[in-house]
Amino acid sequence: MSAITSSPTRPIRTASAAPSFLGGIARFARREFRDAIASKWFLLYTLAFTTLAVGVSFLSLSGVGSHGFAGFGRTAAGLLNLIMLVVPLMALTAGAGSIAGERERGTLLYLLAQPVSRMQVLLGKYFGLAAALLCSLCVGFGISGGVLAWRAGGVGIGSYAMLIGFTALLAIAMLSVGVLISVCSRRSSVATGIALFAWLTLVFVSDLGLMASSLLFKLRVQEIFGLAAVNPLQSFKMAVIVNLNASLDVLGPVGSYASQTLGDGLPWVLGASLAAWTAVPLALAVVIFVRRSSV
Amino acid sequence: MRSTHLLILIWILIAPHVVFGGAGAAQAESISFVESLIERATDGQEVRVPAGVYEGNLVIRKPIVLDGSDGAVFDALGKGIVIEVLAAGVTIRGCVIRGSGSDVTGEPAGIRVVAPNTIIESNTIQDALFGIDLRESPDSIIRGNTISGKDLDPGRRGDGIRLWWSHYCVIENNTVRGSRDMVFWYSEGLIIRRNTVIDSRYGLHFMYSHDTVLEENDLLSNSVGVYLMYSNSITLRGNRMRNNRGASGYGIGLKDCDDITITGNALLANRVGVYLDNSPSSIDSTGIFESNMIAFNEIGLLATPNTHDNVFTRNAFVENEEPAATHGRGRLVSNSFALDGVGNYWSDYAGFDLDGDGIGDVVYEPQSLFGAMLAREPNLRLFVHSPAQQAIEFTARALPELRPQSTLIDPSPLVSAPKIELAIADAKLGGARMGIFGAILLSIAAACIAAMGIERGLPQTRTGTRS
Amino acid sequence: MIRAESITKRFGRVRAVSDVSFDLDRGGAIALWGSNGAGKTTLIRCLLGVIRCRGTVRIGGVNVRRRGRHARALIGYVPQELAFHDDARLGSAMMFFARLRRVSRARASESLAAVGLTGHERKRVRDLSGGMKQRFALAIALLNDPPLIILDEPTSNLDAEGRGEVVETLQRLRRDGKTLLFASHRPDEVISLADRVIVMERGQVIRDTSPIELWPTEKPIQVVRLFLTMANEADAADALREAGHTVHLNGNGLCVAVPRDNKADPIVALARRQIEVRNIEILDDVQISEAKR
């Protein structure tokens, strides 16, 4: 048995073989992207999102003959609901699995023993997953864009593009939250559980709570708007609606208040809320992961 | 005598070309030149104004045809009325009219008419506080004009076209943009067809004007599409009200109007499709709504609780955020949502049609808990289009005791949408662009996957394990 | 190559590694010896900079805490069992690590060939046998030809054949001038690979010695591993030491060095104390003379 063939002896190099900071991130991003698109969750979510998006585009425009092209706003509203339900779930669970999964399988230790820093590993995974998510969204929006083209014509390409843009922002914001959850969890199942809880909270509980409190405590409009804008999902929704209608009057007194007081700054304020939800959890995740004393 | 007449006529027709042909459009002329041309014209004669910009205010006092289609521009330089018609039987055609005063006192207009039998056609009116203002000018025709208002705050704008005590007029093929209203006061027996009103306040606005037909008008992106007030016996047929989403944002608003017939219209993506405020107001009157497409509005039908005796049949209520709602508390049950056993199509109808007669076997009664909550606390409208809203509706569906009373009952809902097509040409442009956009998105995804996702591992080598 | 100064690592109130210091020169080989929970694995993780600890670790003069990824570029690490995405194919996994360590595709192939895995590129990690996995881990560790190889019980999950392969490769690496640090449960491995043994117990270094001193070698000896029915290994070890045997608690049974012609002595000694031996494993012959050089 001489399975081990002799390797040519090479001079011991003293030069560092560590990849550059960005190079290392890129390596991990690529691997994460590759793993993600090959995984079942990616296929499942992409399929679900695409089917639902196409379904919404199709159904909301059916039975209206040539009047369909007026319906983009309504279609967008339907898509909005769908996006708010599916995209955070997708991004949160994807993020939650990222670090905790590797930790649980024991692969994280092996990766960290390579010539890379913890920050590189984390950011690489983040960007890889973000790219995979955006790909998934591109597929869904691309196909439902085709349905819109067929049923409704090209009215609202700008709005559609903005809808996609804000959806992308929402996705990476929720991914940040998911990664933060993942960094703090020892086990993948725990991380997924917390992510689902976060999803439930952001999607339903906070809105219902805010509704209840505005009924019970007779909150003033500025209070309701302020509290709602803290929720990334509401920020996302308001940003898309401002973009579609040039004002938030559709959202009743609270929306009118926001449009009047903030005016042209309104989309920026809402975008800032989403950006903060992207940057802050990610930064926190980096700090916690880098400072963590165990694997 | 006759020969002199003939000579003058020839002179009028030819002289401008010969004598003033080189004046050029850019050169400013005095309005007195046009006045002198009119002076020389006889009644009923055509006055062809040569190309040029004529500055000042023109008053027409005899029945002539003023034709500016050679490139005549009338500019009042921001003072008063541009052209005022005092004589009956005047025609103004092909002129560019601009620069009326902008102070609302005196109501300066592009064209003001105070005499009957006037024809105003194919003019372009720009930068005028009021576009065309007919006062006690019955039997007039306003046709094919393009009117755009002054660039002012919506509150300070004037009307694009206004009729005041002017019966039996025809208003057709006009386009009004960025003004206040196309408004009709105390004017009866009008024919209003194929007009387009965009980016204004009320597309078509009726005050105390009866017995009129509105056909195939296109009202787009105004505050309100058609607003009828205190006007009776009006028929709306084949009009389109799209994207009217201003402060009130009605596709059609009716206030205290009797005997209204609304058929074959498309009310699309307005804030409210149809708004009924105490219409009909008389006890023995009926409002008819038949075969209208009411789609993509925030609220399909909104009515004050006292609204009664409207009949809705064969309408398509498609994908409205709320199909029907009451303005305030109450229900719409004093109206009927079926005629001779034929109701309306409601896209949120969840019933079935076992006998296959096209009529659903269970009644349609929308019960929106969220809608009921909105009626109580308007601030909650912030949460529309959110999963939380869906959750509330879902809960109400699961728990019958939470269900609010339905706003209306359609006893025989249609199971498929009736086909309602308009004569108005659809500008269905850009489908290809959207298709390309979708394709671009897909290729981005494909490119991403190709660039990053394809495994480029080590190839399988032949050597294999040696043992 | 390695300079460790008073490394201390606590997990809660437990000191997993307590004030460990040692130097390892280039070309040297240290074995970490001790029972499970003695702190070997934790120490290795501290050396790799994968977990944070008190004290200073320098690899080739590079501070692990401050410039971890540069320090780790000098280390090839082989875990107890390779943990990598099970679905990944060997070839693509190899390329991932090759890019991470900035070596060429050709070098990656070469490295695979060096451990005899050429031809298995399309296999998935999950389908590799234990021995193949360890050879694969070794191939990854050697990608950029690092001067230091750190191994955490690299053979504990392998059968005799796999063990032999790995030990042979490591011996060759030593000859090529690599520095080695490894944890092991097997005296034969230690004797044939290490020139120093650091014996750890409860996180502390209790002896820093050589294999020969740990296992006196006047007579040809063999090491037997005893598995006890009742797991009071500490008592058993005491009993055996009283009887004059060299004993090491090594997590996986008791390792006792015995003369070749008296292998049953420890069993008899234990039987006197009413300690029952369930099983006995005779470990490979130890070639002291060869390892000594």
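Taking the stretch C:192-245 as the search range and keeping residues that are at pLDDT 80 or above and of a type in the set (Gly, Ala, Ser), which one is most open to solvent (accessible area, probe 1.4 Å)?
The qualifying residue most open to solvent (accessible area, probe 1.4 Å) is C:Ser192.
Report, by residue number, each residue of the stretch B:368-402 that is free of Cβ contacts under 8 Å to residues at least 40 places away in the same chain and under 21 Å from B:Ser334 (Cα atoms).
Result: B:Ala372, single match.
On the given criteria, is A:Leu80 of a type in the set (A, V, I, L, M), more than 10 Å from chain B (Cβ to nearest Cβ) and not in a loop (DSSP other than H, G, I, E, B)?
Values: of a type in the set (A, V, I, L, M): yes; more than 10 Å from chain B (Cβ to nearest Cβ): no; not in a loop (DSSP other than H, G, I, E, B): yes.
Against the criterion (of a type in the set (A, V, I, L, M), more than 10 Å from chain B (Cβ to nearest Cβ) and not in a loop (DSSP other than H, G, I, E, B)), A:Leu80 does not qualify.
Within the stretch C:109-149, take every residue that is facing chain A (nearest Cβ under 10 Å) and charged (D, E, K, R) and give me the one that is surrounded by the fewest Cβ atoms within 10 Å (Cβ to Cβ).
C:Glu110
Could you give me the residue pairs with C-beta distances under 6 Å whose first residue belongs to the stretch B:232-244 and is touching a residue at least 60 places away in the same chain (Cβ under 8 Å), whose second residue is open to solvent by 10 Å² or more (accessible area, probe 1.4 Å) wherever it lies, and which are 6+ apart or on separate chains?
B:Gly238/B:Glu215; B:Gly238/B:Glu216; B:Gly238/B:Gly264; B:Gly238/B:Leu422; B:Gly238/B:Ala423; B:Arg240/B:Asp218; B:Arg240/B:Leu422; B:Arg240/B:Ile424
Considering only residues of the stretch B:272-286 that are touching a Phe, Trp or Tyr at 6+ places or on another chain (Cβ under 9 Å) and away from chain A (no Cβ under 14 Å), which is surrounded by the most Cβ atoms within 10 Å (Cβ to Cβ)?
Of the residues in the stretch B:272-286, the ones touching a Phe, Trp or Tyr at 6+ places or on another chain (Cβ under 9 Å) are B:272-275, B:281.
Filter once more, keeping what is away from chain A (no Cβ under 14 Å): B:274-275, B:281.
On the way: B:Val274: 31, B:Tyr275: 25, B:Ser281: 17.
Here the answer is B:Val274.
For residues that are part of a helix (DSSP H, G or I) and among the acidic types (Asp, Glu), scanning just the stretch B:28-74, find the one that is farthest from the chain's Cα centre (by Cα). Write out each step before concluding.
Within the stretch B:28-74, the subset part of a helix (DSSP H, G or I) is B:31-40.
Filter once more, so that each one left must be among the acidic types (Asp, Glu): B:35, B:39.
Numbers: B:Glu35: 37, B:Glu39: 40 Å.
Among residues in the stretch B:28-74 that are part of a helix (DSSP H, G or I) and among the acidic types (Asp, Glu), the one farthest from the chain's Cα centre (by Cα) is B:Glu39.
If you take just the strands (runs of 3 or more DSSP E) that sit entirely in the stretch B:76-120, which of them hold at least 1 residues that are open to solvent by 40 Å² or more (accessible area, probe 1.4 Å)? It would help to see each step written out before you state the result.
Details: elements: B:83-85, B:91-93, B:96-98, B:109-113.
So the answer is B:83-85, B:91-93, B:96-98.
Quick check on A:Gly63: is it outside any helix (DSSP H, G or I), under 30 Å from B:Lys419 (Cβ atoms) and facing chain B (nearest Cβ under 10 Å)? Steps first, please.
Details: outside any helix (DSSP H, G or I): yes; under 30 Å from B:Lys419 (Cβ atoms): yes; facing chain B (nearest Cβ under 10 Å): yes.
Yes: the conditions hold for A:Gly63.
Does the stretch C:1-56 hold any residues that are open to solvent by 10 Å² or more (accessible area, probe 1.4 Å), out of contact with any Gly (no Cβ under 9 Å at 6 or more places or on another chain) and in a helix (DSSP H, G or I), and which are they?
The answer is C:Thr41, C:Arg45.
Across the stretch C:150-168, what is the total count of residues that are buried (at least 20 other Cβ atoms within 10 Å of the Cβ), farther than 8 Å from C:Gln134 by Cβ and touching a residue at least 60 places away in the same chain (Cβ under 8 Å)?
Qualifying residue count, the stretch C:150-168: 4.
Of the residues that sit in the stretch C:64-88 and are at the interface with chain A (Cβ under 7 Å from one of its Cβ atoms) and of a type in the set (D, E, K, R), which one is farthest from C:Arg126 (Cα to Cα)?
The selected residue is C:Arg69.
In the stretch C:169-201, how many residues are assigned to a helix (DSSP H, G or I) and in contact (Cβ under 8 Å) with a residue 12 or more places away in the chain? Reasoning before the result, please.
First pass over the stretch C:169-201, keeping only residues assigned to a helix (DSSP H, G or I): C:169-175, C:187-193.
Next, from what is left, pick out any that are in contact (Cβ under 8 Å) with a residue 12 or more places away in the chain: C:169-171, C:173-174, C:187-193.
Residues that pass the stated criteria total 12.
The values are calculated or read from the model by the stated rules, or taken from the named source; none is laboratory data. Remember, it's a predicted structure, so these values are computed and weren't measured experimentally. No Cβ is skipped: glycine too gets one built from the backbone with ideal geometry, and neighbour counts run over all protein chains shown. To get the accessible areas, we keep the full protein, side chains included, count just its heavy atoms, and leave off ligands, DNA and RNA. Shrake-Rupley method; radii C 1.70, N 1.55, O 1.52, S 1.80 Å.
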